[in-house]
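All of the numbers you see were taken from the coordinates with simple rules; none came from a lab. Given the structure is predicted, the values throughout are model-derived calculations rather than measurements. In this analysis, Cβ positions are derived from the backbone assuming ideal geometry, glycine residues included, and neighbour counts consider all displayed protein chains.
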Amino acid sequence: MFDKRIINGKVYLDNEFKEVNLYLEGELIVGINQELFEAKETLDAMGNLVLPGLIDPHVHFDLDLGHIRSKDDFYHGTKAAAYGGVTTIIDFLEPVDNPDELQKAYNARLLEAEDSVIDYFFHATIKNPKCDLEDFVKKMKELNIHSLKLFTTYSDSNRRTYDKDIIELLKLSEKYKFLLLAHIENDDLIDLDPKFTYHDLLKSRPTKAETKEALKLASYVKKFGGYLYMVHLSSGTTLKALKEKYSDILNKRFFIESCPHYFTFTNDCLELNEGNLYTLAPPLRTIEEKELLINNFSDVYTIGTDHCAFMTEDKQAEFLKDIPLGIGGVEFSFDVMFQLFGKDTIPKMSRHISSLYPNLGKHGKIKTGNLANIFIYELSENNIKTHHGFTDYTIYKYLKRKGKVIHTLNRGKFIIKSGEFVKPNSKKI
């Protein structure tokens with residue numbers, strides 16, 4: 001007798017929905033077939049979609065910006081994630097410039113993440129390094145971390161990594177088989193005029209800053225090798241330029257992540273009465289750039305949310321320099337993308353991500369022997385009304401969606417059951 005069975009659902013297998021039953025034993029999926037076997041507990045999916053638990057590869061829970069922290073900690077952030085069918089998140093260690101500080105950042109982040117209610121692990125983050133880069137990578141791998149984020153901007157806060165070190169890290173990513181993540185904006189093209197308000201956000205961080213820097217880094221990958229992952233691509237203009245010049249390495253060595261908000265909102269939101277609530281970096285782009293991004297969706301490899309949520313009050317500063325840049329999104333990422341692209345969005349939020357990380361070999365796909373990270377999506381058109389994070393607003397409120405998450409299981413245990421939260425024991429990968 002099995003621990004659990006999920007019956008009568010439309011299960012997402014091999015890019016298609018199939019009417020099969022799933023059998024779970026402990027943390028694992030142990031059977032997929034059309035036969036009906038006995039189990040201690042039955043979940044009747046009643047014709048709803050049975051999907052692999054989503055992976056959000058880009059969140060910022062409890063992020064320390066110096067003068068303020070993002071408001072969703074690991075408990076509230078992962079609770080909201082579970083309501084969105086997300087069963088695994090990848091957060092970031094504090095940016096550091098040497099291996100000793102990397103160890104300290106890792107230890108500190110482990111403590112902060114203890115209250116996570118779903119699976120989690122970390123990207124390392126480097127800033128303007130002051131060490132032997134190979135030593136840094138060896139320490140990272142020792143910690144079982146297989147990805148390293150850098151910034152090509154933020155020189156004002158000493159977070160920028162310069163080209164010489166980027167090239168060296170690309171070479172090391174080839175040697176040690178890790179993924180080099182990059183926040184890609186050209187530092188020289190960013191204007192941090194202290195008198196700018198949030199209405200000037202596009203003037204401060206123009207599209208050309210992203211496009212020019214992305215093309216440069218793609219040229220480095222082509223010349224020096226390595227594996228680079230562009231986080232939060234914001235503009236269809238950038239994606240189109242990359243396709244035209246570097247199609248041979250796109251999503252093979254130079255991977256593209258984008259975010260739900262760039263497919264949904266435009267810079268016109270900055271002119272709304274509460275336009276300050278739509279401030280993030282890179283910023284929302286023009287409607288033309290959004291449409292171009294939508295039309296080139298097939299060339300986006302993964303979807304992450306860049307979830308970094310703040311309170312309404314936090315966004316009320318007079319000048320842009322005093323507004324924390326970031327929005328929430330982890331709970332509604334699937335709703336937004338499924339509304340736009342249907343089942344084509346599923347692999348970009350699951351299997352594609354797991355394929356990039358050795359830690360995720362048993363995640364991202366409904367398959368015998370994989371972890372029983374699964375969610376059930378009820379197809380019933382409705383509008384988003386409430387959210388389950390800590391903050392007092394979401395920019396996705398009132399948007400239409402094709403359904404809603406009714407059950408989420410993480411390692412075979414319910415996190416969301418019939419729309420209600422069930423607190424489990426989390427496990428770091």
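About its Cα centre, the dipole of the chain is roughly 1080 debye, where the only charges are +1 on Lys and Arg Cβ and -1 on Asp and Glu Cβ.
Given the pairs Lys127/Lys423; Lys40/Lys365; Lys362/Lys402; Lys139/Lys343; Lys139/Lys365, which span a C-alpha to C-alpha distance of over 32 angstrom in this model?
Working: Lys127/Lys423 36 Å; Lys40/Lys365 24 Å; Lys362/Lys402 28 Å; Lys139/Lys343 39 Å; Lys139/Lys365 30 Å.
Among Lys127/Lys423; Lys40/Lys365; Lys362/Lys402; Lys139/Lys343; Lys139/Lys365, the Cα-Cα distance tops 32 Å for Lys127/Lys423; Lys139/Lys343.
Seen from a random direction on average, the alpha-carbon convex hull of the stretch 228-341 projects onto 7.5 square nanometres. Between Lys397 and Asp268, what's the calculated FRET efficiency when r is the beta-carbon distance and R0 is 22 Å? Round to 0.05. Rounded to the nearest 0.05, the efficiency is 0.80.
Where in the stretch 251-288 does the amide nitrogen come within less than 19 Å of the point 7 Å from the Cα of His199, taken along Cα to Cβ? Backbone N within reach: 266-280, 283-287.
Calculate, in whole percent, how much of the Cα-Cα pair population of the stretch 98-147 lies beyond 14 Å.
Roughly 51 percent, once rounded to a whole number.
Over the chain, what is the percentage of antiparallel beta bridges among all DSSP beta bridges, to the nearest 5? Show your work: numbers first, answer last.
Working: 31 of 67 bridges.
DSSP beta bridges in the chain are roughly 45 percent antiparallel.
Just checking the listed ones, Lys212, Lys40, Lys127: in the Gaussian network model of the chain with Cα springs under 10 Å, the one fluctuating most is Lys40. Computed from backbone phi with θ = phi - 60° and the Karplus coefficients 6.51, -1.76 and 1.60, the 3J(HN,Hα) list for the stretch 256-273 is 10, 10, 10, 10, x, 5, 6, 8, 10, 10, 10, 5, 4, 4, 5, 9, 6, 4 Hz; x is used for glycine and proline.
With all pairs of separate Cα atoms included, the stretch 30-167 yields a Kirkwood hydrodynamic radius of 17.4 Å.
Restricting attention to the stretch 176-237, which chymotrypsin sites (Phe, Trp or Tyr not before Pro) occupy a DSSP loop and are surrounded by at most 13 other Cβ atoms within 10 Å? Before the final figure, lay out the partial values.
Details: sites: Tyr176, Phe178, Phe196, Tyr198, Tyr220, Phe224, Tyr227, Tyr229; in loops: Phe178, Phe196, Tyr227.
Sparse-neighbourhood loop chymotrypsin sites (Phe, Trp or Tyr not before Pro): none present.
Checking every one of the chymotrypsin sites (Phe, Trp or Tyr not before Pro) in the stretch 363-402 against DSSP loop status and a limit of 16 other Cβ atoms within 10 Å picks out Tyr398.
Springs between alpha-carbon atoms under 10 Å, Gaussian network over the chain: tell me which of Leu215, Leu272, Leu371 tops the mean-square fluctuations. The residue with the greatest mean-square fluctuation here is Leu272.
Set the Cα radius of gyration of the stretch 353-429 against 2.2 N^0.38 Å, with N its number of residues, and you get 1.30. Debye-formula intensities of the stretch 154-288, expressed as log10 I(q)/I(0) at q = 0.09 Å⁻¹, are -0.28 (one equal scatterer per alpha-carbon, no solvent). Relative to one another, the C-alpha centroids of the stretch 44-117 and the stretch 360-422 are positioned 16 Å apart.
Distances over 38 Å make up what percent of all Cα-Cα pairs in the stretch 53-359?
5 percent
A Gaussian network model of the chain, with springs between Cα atoms under 10 Å, assigns the largest mean-square fluctuation among Ile406, Ile415, Ile118 to Ile406. Loop-located trypsin sites (Lys or Arg not before Pro) in the stretch 340-390 (DSSP state other than H, G, I, E, B) with a sparse environment of at most 15 neighbouring Cβ atoms within 10 Å: Lys367, Lys385. Note that the stretch 312-329 has calculated 3J(HN,Hα) couplings of 3, 4, 5, 9, 8, 4, 6, 10, 4, 4, 9, 9, x, 8, x, 9, x, x Hz, one per residue in order, obtained from phi through the Karplus relation 6.51 cos²θ - 1.76 cosθ + 1.60 (θ = phi - 60°); glycine and proline are x. Pair-distance distribution of the stretch 156-218: all C-alpha pairs, bin width 10 Å, starting at 0; shares per bin in whole percent are 19, 43, 26, 10, 2. Computed FRET efficiency, Cβ-Cβ of Ser380 and Lys417, R0 22 Å: what is it to the nearest 0.05? Efficiency for this residue pair is about 0.80. Both radii were evaluated on the Cα set of the stretch 113-232; the Rg over Rh quotient, with Rh as the Kirkwood radius, amounts to 1.02. Projected label points at Ser247 and Lys343, each 7 Å from Cα along the beta carbon direction, are separated by 2.7 nanometres.
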